Amino acid sequence: MKKFFKEYFNFSKREQNGLIVLFVLLIAIIGTDIFISVRKSNQKVDFSDFETEIDSFLVYQQTHFDDSELFAFDPNTASREDLLRLGLSPKSVNGIMNYRDKGYKFYKPEDITRVRTLKPEEYEVIKDYIVIERQQYNNKYSRSDYRHEYRDNDNAQPAELFEFDPNTATKDELERLGFKPWQADNIVKYRNKGGRFKQPSDISKIHGVDADFAESLMPYIKIGTLETASYDIIVNLNTASESDLQKLKGIGAAYSKRIIDYRNKLGGFVTVEQVREVYGMTDELYNGILPYLEVGNEPVRTININTADFTTLVSHPYIDKKIANAILNYRDFAKTIKSTDELVKQKALSQSEYDKISKYISVK
């Protein structure tokens with residue numbers, strides 16, 4: 001064995017030095033490879049720019065009806081800011097503006113669905129607020145071209161002439177006068193949104209009403225007083241049904257449903273002034289129905305802040321994410337909240353924030 005090792009593992013001094021150098025180089029190469037591998041595995045890739053681009057893309061397409069302001073508007077003339085206030089996504093707003101920039105017009109409410117970027121759910125929210133004023137025809141369309149393309153919109157001569165007030169006439173009465181059913185619907189919708197005819201010529205502003213037809217009605221239009229109601233009625237906002245609310249002038253099916261939906265979200269009205277917060281409620285309509293509204297002694301539905309989760313809290317119209325997080329953080333600290341005014345005393349909420357939600361929260 002000794003002879004074997006001596007024969008095969010006997011190196012000269014020069015060979016021994018060479019082996020040592022090779023061994024050191026081998027260790028250095030292996031060590032460097034391990035160091036680079038570890039460094040790469042610990043290195044964090046910065047995706048912040050990419051995530052920012054994704055967030056911007058999502059915001060561009062996102063609607064914001066939860067904090068929007070719904071109001072009557074004409075899509076042919078509404079500004080970009082007005083369309084955004086309605087809650088439409090920036091993408092849909094750009095689509096509408098581009099549609100108009102190309103010279104196209106909206107002649108009836110459903111025409112807005114031609115904008116490809118507008119989502120069906122967006123149209124469902126805004127469709128009842130579209131009021132298209134009578135359009136002036138530009139050089140792109142001659143009067144004869146317009147009549148050819150939209151000849152179905154022209155009215156025949158009045159079917160039956162009698163004096164009427166466009167502010168109070170029923171749908172049947174309007175049709176008897178010669179208005180087409182959808183035109184009569186437009187007039188009723190216009191009134192339900194708080195619109196009023198102040199002079200006979202205002203009837204020509206309703207979309208689709210032919211100028212000659214409107215002119216023939218002028219001698220028969222008798223505008224009465226614009227008093228909102230001429231009858232004695234008081235509606236309890238907390239117990240009223242949709243049909244009860246529709247007894248008020250200016251409140252149609254759409255408004256009555258929104259009032260009840262908002263009542264359910266709140267948990268009940270504490271003051272009649274809260275009805276002003278209903279989507280689409282105009283100052284004119286609100287001031288008109290205010291004398292005929294009341295709230296009774298019915299208790300409102302409250303949220304138990306000792307057990308409610310984040311989703312339950314932010315579902316209330318008066319509780320945003322900031323307030324919800326403040327309540328939950330204080331609850332984690334206090335374990336059990338003994339009275340709602342602790343939120344102010346311990347500076348979890350400001351006095352104004354607390355005052356707005358105090359009627360709708362409880363501790364048990």
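For a quick check: sort Leu349, Leu174, Leu25 by the number of other beta carbons within 10 angstrom, fewest at the front.
By the 10 Å Cβ count, ascending: Leu25, Leu174, Leu349.
What list of ³J(HN,Hα) couplings, whole Hz, do you get for the stretch 162-176 from phi and the Karplus terms 6.51, -1.76, 1.60, once you set θ to phi - 60° and write x for glycine and proline?
Values per residue, Gly and Pro as x: 7, 5, 8, 10, x, 7, 10, 4, 6, 4, 5, 5, 5, 5, 4 Hz.
List every residue whose amide H lies under 5 Å from the amide H of Ile361, counting only residues 5 or more places away in sequence or on a different chain, with H placed 1.01 Å from N in the peptide plane.
Residues meeting the amide H criterion: Ile303.
So between Lys356 and Ile29, what do we pick up on full extension, going 0.36 nm a residue minus the alpha carbon distance?
The Lys356-Ile29 span can extend by a further 110.7 nm.
Going by amide H atoms built from the backbone, whose H comes under 5 Å of the H on Val235, apart from near neighbours?
Sorted by chain and number, the residues that satisfy this are Leu293, Glu294.
Against the 2.2 N^0.38 Å scaling, with N counting residues, where does the stretch 235-294 land? I'd like the Cα-based Rg ratio to two decimal places.
0.95
Every number here is computed from the coordinates shown, using simple stated rules; none is lab data. On a predicted model such as this, the values are computed, not experimentally measured, just so you know. Heads up, the Cβs are rebuilt from the backbone with ideal geometry, glycines too, and the neighbour counts pull from every protein chain shown.
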